[in-house]
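The values are calculated or read from the model by the stated rules, or taken from the named source; none is laboratory data. What you are looking at is a predicted structure, and each value in this text was computed from that prediction instead of being measured. Here the Cβ is made from the backbone with ideal geometry for all residues, glycine too, and neighbour counts use every protein chain on show. In case anyone asks, the SASA skips ligands and DNA or RNA and just uses the protein heavy atoms, side chains included. Shrake-Rupley method; radii C 1.70, N 1.55, O 1.52, S 1.80 Å.
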Amino acid sequence: MSRFLILHGWENQRPVGHWQFWLAGRLRAAGHDVDYPQLPEPDRPVLKDWLGAIEQAITREPGQGLAVVAHSLSCVAWLHLAAQGSVHLPVDRVLLVAPPSPEFLARTEALRHFAPPMAALDAVRASSAAPPRLVCADADPYCEPPADERYAGLFDVDRIDGAGHVDMVAGYGRWHSALRWCEDPEHRLGVD
């Protein structure tokens, strides 16, 4: 049995049709310990509240291995957590899916305070025992240029052409590739 923490993004109420909801169910059915918390005020998020909720989830059972699967805005929250030097890091492994760009955050009034400090980019590598994995797309409306170009050299990257924001709009309700990564961190993430 493994332990997973699944973190959603902005304006996400954990809908049944989202790949993260599906993933949480599949992992639980396989006997894993899964925490998929509703982060506070997802429509008008406050960084310190999200960081507090994530910290609380990380410390739920200290000493147990933990894999984190973050999507969208929670990827940026993870960067902040790493930059502030959380005493509860590192975790075993981290999957960051479709992080928004600093430019998108800066021009979106409700999210400006989420813009990550530059120190976060170096600190995030130390936030997990294994190198963090980044999954992105070539045409993510929340990240221009694509995340693999923006964060070049910082992460182990899987780029999925045509995947948009890797969300329900882009057709990601069931994402078998994410489940396979949870079962085997060497698995490369793709469309399926």
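So, counting K/R as plus one and D/E as minus one, what does the shell of residues with Cβ under 15 Å around E186 add up to? Mind showing how you got there, number by number?
Numbers: positive: R93, R133, R180, R188; negative: D92, D156, D158, E183, D184.
That works out to -1.
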*Cut-off 14 Å between beta-carbons: net charge of the residues surrounding V124, Lys and Arg +1, Asp and Glu -1*: +2
*With +1 on each Lys and Arg Cβ and -1 on each Asp and Glu Cβ, how big is the dipole of the chain about its Cα centre, in debye rounded to the nearest 20?*
340
*When Lys and Arg each count +1 and Asp and Glu each count -1, what net charge do the other residues less than 11 Å away from E41, Cβ to Cβ, add up to?*
-2
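Using a 1.4 Å probe and counting only protein heavy atoms, arrange R28, R133, R150 so the residue with the most accessible area comes first.
R28, R150, R133
How much length would be gained if the chain were fully extended between M1 and V16, taking 0.36 nm per residue of separation minus their Cα-Cα distance, in nm to one decimal? Please report the intermediate quantities before stating the final value.
Values: separation 15, 0.36 × 15 = 5.40 nm, distance 2.40 nm.
So the chain would gain 3.0 nm between M1 and V16.
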_Counting other C-beta atoms within 10 Å, and keeping those with at most 15, which DSSP coil chymotrypsin sites (Phe, Trp or Tyr not before Pro) do you find in the range 21-76?_
none
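When the helices in the chain are scored as -39500 (n - 2.57) per DSSP H run of 4 or longer and the sum is shared across all residues, what 222 nm value do you end up with, to the nearest 500 deg cm²/dmol? It would help to have the intermediate numbers written out before the result.
Details: 7 runs with 58 residues, N = 192.
-8000 deg cm²/dmol, from helical runs alone.
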*Classify the range 2-81 as rounded, prolate or oblate, taking a ≥ b ≥ c as the square roots of the eigenvalues of its Cα gyration tensor: rounded when a/c is under 1.5, otherwise prolate if a/b is larger than b/c and oblate if not.*
oblate
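How do 171-181, 66-76, 37-47, 81-91 rank on mean C-beta neighbours within 10 Å, highest first?
Going from most to least packed, we get 66-76, 171-181, 81-91, 37-47.
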*Of E186, E103, which has the most accessible area with a 1.4 Å probe, and how do the rest follow in descending order?*
E186, E103
